[in-house]
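A quick write-up on the structure given underneath.
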Amino acid sequence: MSQTDVVLQGIKAMITGGHLKAGSLLPIEKDLSESLGVSRGALREGVRALCIMGVLETRRGVGTFVTSLDSRLLLAPMGFMIDLQTPEQRRHLQAVRRVLEPEAAARAALMITPEQLAEATAVLEMIRSHVFADQLTDQDAITEAHGAFHRIVARASDNGALTALIDALTDRAFTAPAAIDEHHVAQARRAHEGHTAILDALRRRDPDRARLLMSHHLLTIEDHASEASGSLVPIAEGGSMASPLAEMALSDA
């Protein structure tokens, strides 16, 4: 291993071994470099890398500390990686959303608080008039609100790691088309109706219904993105197997 790798692995071992905990102050540079058997330059380079990773934070004039080690903080660099993906790779990320978000919705149906329900309701109501106006004029606001809805559902799952992964993926898995035509207006309205149905399932505390509706909603988004890029690939022969079941759930809403 390089000396920088020694620093990374050494400090990780100190944390996992309990010698350092969330919020702990690292030993002074001289002592830490000697204990790890590396130069001070290598130690500084390793510390900088761990700061970027969200493991350490440097406070000017005080020292270097272990962060809270919260899942959202540690997984935040994923957003940078996701931003570098090609359009084809982003389709794979959308598939990852289809794995994660239905489970988050199911958990949210059991864990969501009245305050979170109110927040989700307010987000959808805020853009309802825009979505169903005669002419769609502010697609950016609609996209932002829809992303906010997904993040509220993720937080309501009460699972930090799941929330962090969804936060990194939301609004990055595909790029919304800039043009506003009849097709995109219809898609915005379908998305809003899908969110409304999911919210109703959360109010009912129905995890199975919430999971199914979220899965159908994300499949619809994925199909729309593929259509917009002219590369629609069917999920299964004759369409998605989840769609008929979700349509039944929607019809019961």
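The values are calculated or read from the model by the stated rules, or taken from the named source; none is laboratory data. In this text the structure is predicted, and so the values were computed from the model without any measurement. Here the Cβ positions follow ideal geometry from the backbone for every residue, glycine too, while neighbour counts run over all protein chains shown. Surface accessibility is based on the protein's heavy atoms, side chains included, excluding ligands, DNA and RNA. Shrake-Rupley method; radii C 1.70, N 1.55, O 1.52, S 1.80 Å.
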Quick check on R91: is it crowded, with 18+ Cβ neighbours inside 10 Å and touching a residue at least 40 places away in the same chain (Cβ under 8 Å)? yes
If you go through region 119-158 one residue at a time, how many are outside any helix (DSSP H, G or I) and either touching a residue at least 12 places away in the same chain (Cβ under 8 Å) or open to solvent by 80 Å² or more (accessible area, probe 1.4 Å) (or both)? 7
Just checking, how many residues over region 84-94 are over 13 Å from the mean Cα position of the chain (by Cα) and in a helix (DSSP H, G or I)? 6
When you check A201 against the structure, is it touching a helix residue (DSSP H, G or I) at 6+ places or on another chain (Cβ under 9 Å), in a helix (DSSP H, G or I), within 19 Å of R98 (Cβ to Cβ) and at pLDDT 80 or above, yes or no? yes
Output the qualifying pairs, or none if there are none: Cβ atoms under 6 angstrom, residues six or more apart or on different chains, first residue in region 94-115 and closer than 20 Å to D200 by Cα, second residue of a type in the set (D, E, K, R). P102/R211; A105/R211; A106/R211; A109/R205; A109/D206; M111/D158
Is it the case that R107 is in contact with a Leu (Cβ under 8 Å, 6 or more places away or on another chain), open to solvent by 60 Å² or more (accessible area, probe 1.4 Å) and modelled with pLDDT of 95 or more? yes
Matching residues in region 204-218 - criterion: being among the basic types (K, R) and outside any helix (DSSP H, G or I): R204, R205
Only residues that are under 19 Å from L74 (Cβ atoms) and open to solvent by less than 50 Å² (accessible area, probe 1.4 Å): list them for region 18-46, please. G18, L20, G23, S24, L26, G46
